[in-house]
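Student: This structure is in structure tokens; I'll ask about it shortly.
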Amino acid sequence: MTKRDARLVAITGGIGCGQSTVAEFFKKFGAKVINADLIAKRVVDRDGDVKKEIKAAFGKQVFFRNGRVNRKLLGQIVFEDEAKIRNLNKIVHPRMVSQVIEEIEVARDARKYAVIVIDAALVYELNLEHMFDSIIVVASRIGSRISRIKARDGLPEKEIRDRISKQIPIEDKSKWADFVIHNNSSLEQLEYRARGVYKKLTRR
């Protein structure tokens with residue numbers, strides 16, 4: 001396998017659709033998975049310049065005493081205001097994208113993966129679709145999404161709906177995708193659908 005043989009794939013969707021579960025299935029099937037959200041969190045936690053910019057933009061109240069960002073409070077502040085979301089994204093996303101690209105190159109250099117997956121919610125929002133050979137959208141009904149987010153994050157329904165409304169509608173993302181995996185039934189069904197897409201991606 002040559003360095004450039006690996007197929008670069010984005011798995012995206014919307015909050016509560018289950019994209020990270022599908023990414024975990026791809027990892028199980030043998031893909032290298034790079035989680036953009038975890039990288040963004042790492043940037044916020046460890047990059048001193050990012051912390052300074054967050055403090056300047058949103059105040060010291062979004063930090064705990066130990067210097068770590070209070071993510072829950074910061075989320076509540078920015079999701080009330082589109083301009084604040086854009087401001088936070090402007091601070092975090094360039095560094096996050098840069099680190100994602102570094103990890104892609106490391107995975108390519110390893111020459112042992114047929115598929116390199118980026119698990120990233122905001123592929124279309126950040127206009128990153130041109131980076132990928134294929135894009136998979138994980139889609140789910142609104143009721144299922146709300147139930148999952150409530151169980152995972154304990155957020156009230158109004159806040160969940162507000163957050164969903166600030167992302168590009170899943171119907172639009174589905175139209176633009178190369179593959180759509182629907183997540184409205186069991187985990188077994190989801191894994192079955194994910195495996196079907198993985199087989200298509202690795203068929204030479």
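The values are calculated or read from the model by the stated rules, or taken from the named source; none is laboratory data. Only a predicted model underlies this, so the values are computations on that prediction, with no experimental measurement involved. Cβ sites come from the backbone with ideal geometry, for glycine too, and all protein chains shown count toward neighbours. Heads up: the accessible areas ignore ligands, DNA and RNA and are worked out on the full protein's heavy atoms, side chains in. Shrake-Rupley method; radii C 1.70, N 1.55, O 1.52, S 1.80 Å.
Student: Scan region 24-42 and tell me whether some residue there is among the aromatic types (Phe, Trp, Tyr), part of a helix (DSSP H, G or I), farther than 30 Å from residue 192 by Cα and open to solvent by less than 30 Å² (accessible area, probe 1.4 Å). Outline the logic, then answer.
Tutor: Within region 24-42, the subset among the aromatic types (Phe, Trp, Tyr) is 25-26, 29.
In the following step, the residues that additionally are part of a helix (DSSP H, G or I) were identified as 25-26, 29.
Now restrict to residues that are farther than 30 Å from residue 192 by Cα: none.
No, the conditions are met nowhere in region 24-42.
Student: Out of all the residues in region 80-93, is one or more in a loop (DSSP other than H, G, I, E, B) and surrounded by fewer than 17 Cβ atoms within 10 Å (Cβ to Cβ)?
Tutor: Yes - at least one qualifying residue is present in region 80-93.
Student: Among the residues of region 22-50, how many are basic (Lys, Arg) and at pLDDT 95 or above? Please lay out each step first, then the result.
Tutor: Residues of region 22-50 that are basic (Lys, Arg), as a first pass: 27-28, 32, 41-42, 46.
Pick out the ones that are also at pLDDT 95 or above and you get 27-28, 32.
Number satisfying all stated conditions: 3.
Student: Does region 175-185 include one or more residues that are under 24 Å from residue 78 (Cβ atoms) and among the basic types (Lys, Arg)?
Tutor: no
Student: Still on this model: What helices (runs of 4 or more DSSP H), lying completely within region 96-204, carry at least 2 residues that are open to solvent by less than 30 Å² (accessible area, probe 1.4 Å) and of a type in the set (A, V, I, L, M)?
Tutor: Where helices (runs of 4 or more DSSP H) fall fully within region 96-204 and carry at least 2 residues being open to solvent by less than 30 Å² (accessible area, probe 1.4 Å) and of a type in the set (A, V, I, L, M), they are 142-153, 157-165, 187-202.
Student: In addition: Kindly evaluate residue 51 against the criterion of being in contact with a strand residue (DSSP E or B) (Cβ under 8 Å, 6 or more places away or on another chain) and either farther than 26 Å from residue 150 by Cβ or part of a helix (DSSP H, G or I) (or both).
Tutor: So residue 51 fits the description; yes.
Student: I would also like to ask the following. Among the numbered criteria (1) within 28 Å of residue 53 (Cβ to Cβ); (2) in contact with a His (Cβ under 6 Å, 6 or more places away or on another chain), which one does residue 139 miss?
Tutor: In the conditions (1) within 28 Å of residue 53 (Cβ to Cβ); (2) in contact with a His (Cβ under 6 Å, 6 or more places away or on another chain), residue 139 misses (1) alone.
Student: For region 64-74, does any single residue satisfy the condition of being more than 30 Å from residue 194 (Cβ to Cβ) and crowded, with 17+ Cβ neighbours inside 10 Å?
Tutor: Within region 64-74 (the criterion being more than 30 Å from residue 194 (Cβ to Cβ) and crowded, with 17+ Cβ neighbours inside 10 Å), the answer is yes, since at least one residue qualifies.
Student: Looking only at region 149-199, which residues are free of Cβ contacts under 8 Å to residues at least 24 places away in the same chain and small (Gly, Ala, Ser)?
Tutor: Of everything in region 149-199, those that are free of Cβ contacts under 8 Å to residues at least 24 places away in the same chain and small (Gly, Ala, Ser) turn out to be 151, 154, 165, 185, 186, 196.
Student: Out of the residues in region 1-18 meeting the condition of being within 26 Å of residue 109 (Cβ to Cβ) and touching a strand residue (DSSP E or B) at 6+ places or on another chain (Cβ under 9 Å), tell me which one is most open to solvent (accessible area, probe 1.4 Å).
Tutor: 7
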